[in-house]
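A.B. asks: One structure coming up, written as structure tokens, with questions to follow.
The values are calculated or read from the model by the stated rules, or taken from the named source; none is laboratory data. Here the structure is a predicted model, which means the values were calculated and not measured. A quick note on method: Cβ atoms are made from the backbone with ideal geometry, for glycine too, and the neighbour counts reach across all protein chains shown. Areas reflect the complete protein model, heavy atoms only, side chains present, ligands, DNA and RNA absent. Shrake-Rupley method; radii C 1.70, N 1.55, O 1.52, S 1.80 Å.
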Amino acid sequence: MEDCIFCKIVKEEIPCHKVYEDDDVLAFLDISPVNPGHTLVIPKRHYVDLLELPETEAQTLIARIKKIAPAVISGVEAKAFNLNLNNGKIAGQEVGHFHWHIVPRFESDGRELWRGQPYGEGEAEAILEKIKNLIK
């Protein structure tokens, strides 16, 4: 895609701090990291989001993440990591090219995940039925 910043990075039209690269996948440091070592993992082919991503590409990306994440974590001496996927603009996806975030986590780094709320009476069952009936 012509205007995609990640496609431009893949074509080396825009520089990046490359962590890993092979024929299918590119991983590079996020330019605005949540924590040091925050790495983006992208397919080299352009897909807008997870729903557009072919299953074989998804499998390839997960296999590479399993290879890259331990190096990221060890490299910054983190204790753990979040693997984040923001799918769609409303969910926080800022670049319309599918990507995963490997975000190293440290004790007392001040980062929190969202806080959930329990379902109301009968709400979980109603939602469950709607979802189950739509899975093909």
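A.B. asks: Give the residues of the range 9-20 that are open to solvent by 50 Å² or more (accessible area, probe 1.4 Å) and either at pLDDT below 95 or in contact with a strand residue (DSSP E or B) (Cβ under 7 Å, 6 or more places away or on another chain) (or both), sorted by residue number.
C.D. replies: His17, Lys18, Val19
A.B. asks: Next up: Is it true that Lys44 is charged (D, E, K, R) and touching a helix residue (DSSP H, G or I) at 6+ places or on another chain (Cβ under 6 Å)?
C.D. replies: yes
A.B. asks: Now for a separate question. Kindly indicate whether His38 is open to solvent by less than 80 Å² (accessible area, probe 1.4 Å) and within 24 Å of Ala80 (Cα to Cα). Working first, answer last.
C.D. replies: Values: open to solvent by less than 80 Å² (accessible area, probe 1.4 Å): yes; within 24 Å of Ala80 (Cα to Cα): yes.
Judged against the criteria, His38 is a match.
A.B. asks: Of all residues being outside any helix (DSSP H, G or I) and among the basic types (Lys, Arg) in the range 106-136, which is least open to solvent (accessible area, probe 1.4 Å)? Just the residue, please.
C.D. replies: The extreme case among them is Arg111.
A.B. asks: Taking the range 65-85 as the region of interest, how many residues are basic (Lys, Arg) and more than 23 Å from Pro43 (Cβ to Cβ)?
C.D. replies: Summing the residues that are basic (Lys, Arg) and more than 23 Å from Pro43 (Cβ to Cβ) in the range 65-85 gives 1.
A.B. asks: Still on this structure, please answer the following. Go through the range 7-32 and count every residue that is in contact (Cβ under 8 Å) with a residue 40 or more places away in the chain, within 15 Å of His101 (Cβ to Cβ) and not in a strand (DSSP E or B).
C.D. replies: Number satisfying all stated conditions: 1.
A.B. asks: When you look at Val48, is it touching a residue at least 40 places away in the same chain (Cβ under 8 Å), open to solvent by 20 Å² or more (accessible area, probe 1.4 Å) and in contact with a Cys (Cβ under 8 Å, 6 or more places away or on another chain), yes or no? Working first, answer last.
C.D. replies: Numbers: touching a residue at least 40 places away in the same chain (Cβ under 8 Å): yes; open to solvent by 20 Å² or more (accessible area, probe 1.4 Å): yes; in contact with a Cys (Cβ under 8 Å, 6 or more places away or on another chain): no.
Considered against the rule, which asks whether it is touching a residue at least 40 places away in the same chain (Cβ under 8 Å), open to solvent by 20 Å² or more (accessible area, probe 1.4 Å) and in contact with a Cys (Cβ under 8 Å, 6 or more places away or on another chain), Val48 comes out as no.
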